[in-house]
Amino acid sequence: MGGDTKMKAAVFTSSPNKDGLTAACGKAAMQGIKEAGGTALHIDLNSLNIGRCSVCGNGWGTCFKEHSCQVIDDFQDTHSKIKDQDAYVIVSPVYWGEMSETAKAFFDRLRRCEAFKEMMKGKSIMHKKPVIGVAAAGGSGNGTLSCLESMERFYKQMGADVFDLIGVTRKSRAYKMETIRAACKEMILNGSKEFFSPEKYEQDR
């Protein structure tokens, strides 16, 4: 980002509990973004009407060639809102070792619309942009690793640059809020830098 242009980041949360662990993680993420001088767009997926993918036609609808979803609900408006963001943060509660159902509904459809741009040598909305995933396990604390793995797989399929993946439980909440804040702040300040290249790898060996 050049000049005085502020870096824009979308923060997705997907829990119905407005005072729970996921909400606290989302607030910490937005705090870090703002501290770095960026702007934070909060997308509360649980407040939106976004259904699951309908697997249209013979398995693919307009998502394949037109990169848009033909199932009309809040997906279209949300998809449009996040296209010009410079960074992305997914914060999801952990259910059965995965992202929440509301998160999966949105990101499954987003992947169908955007990932084929990558495969056809185009650019998805997340192409080479810094991203962070936060898995918040407020119950038993189990399943954070498999949830983060699913986030990483989604990000990679979107062509994104994974900046960090952070697991949080009730036991680690006190210090992980600072981790999330610091990670999001650092992502805004330095997320667009090239941290790895074959040349740099040889120099650092």
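FYI, it's all coordinate maths here, none of it is from the lab. In this text the structure is predicted, and so the values were computed from the model without any measurement. Positions of Cβ are generated from backbone atoms using ideal geometry, with glycine treated the same way; all protein chains shown enter the neighbour counts.
Given (i) 1.10; (ii) 1.06; (iii) 0.97 as candidate values of Rg/Rh (Cα atoms, Kirkwood Rh), which corresponds to the one derived from the coordinates?
Among (i) 1.10; (ii) 1.06; (iii) 0.97, the one calculated here is (iii).
Of Lys81/Lys104; Lys18/Lys65; Lys6/Lys65; Lys34/Lys156; Lys65/Lys176; Lys83/Lys104, which pairs sit farther than 30 Å apart, going by alpha carbon to alpha carbon? Present the calculation step by step, with values, prior to reporting the outcome.
On the way: Lys81/Lys104 18 Å; Lys18/Lys65 38 Å; Lys6/Lys65 33 Å; Lys34/Lys156 26 Å; Lys65/Lys176 41 Å; Lys83/Lys104 19 Å.
Result: Lys18/Lys65; Lys6/Lys65; Lys65/Lys176 exceed 30 Å.
How would segment 110-175 be classified by its alpha-carbon gyration tensor: rounded, prolate or oblate, with rounded meaning a/c under 1.5 and the a/b versus b/c comparison settling the rest?
prolate
Counting Lys and Arg as +1 and Asp and Glu as -1, each charge on the Cβ, what is the dipole of the chain about the Cα centre in debye, to the nearest 20? List each step's numbers first, then the result.
Details: 29 positive and 25 negative charges, 18 e Å.
In total the dipole reaches around 80 debye.
Would you please classify the overall shape of segment 52-132 from the alpha carbon gyration tensor, given that a ≥ b ≥ c denote the square roots of the eigenvalues, rounded means a/c under 1.5, and beyond that prolate means a/b larger than b/c while oblate covers the rest? Show your work: numbers first, answer last.
Working: a/c = 1.62, a/b = 1.10, b/c = 1.48.
Verdict is oblate for segment 52-132.
What's the exposure ranking of Lys156, Lys34, going from fewest to most Cβ atoms within 10 Å?
Lys156, Lys34
Quick one: Ile72, Ile33, fewest Cβ neighbours within 10 Å first, how do they rank? Mind dumping the intermediate values first?
Numbers: Ile72 8, Ile33 26.
By the 10 Å Cβ count, ascending: Ile72, Ile33.
Just going by the charge dipole of segment 8-204, with Lys and Arg at +1 and Asp and Glu at -1 on Cβ, which of Ile90, Asn17, Met126 is farthest out on the positive end?
The residue sitting farthest along the positive end of the dipole is Asn17.
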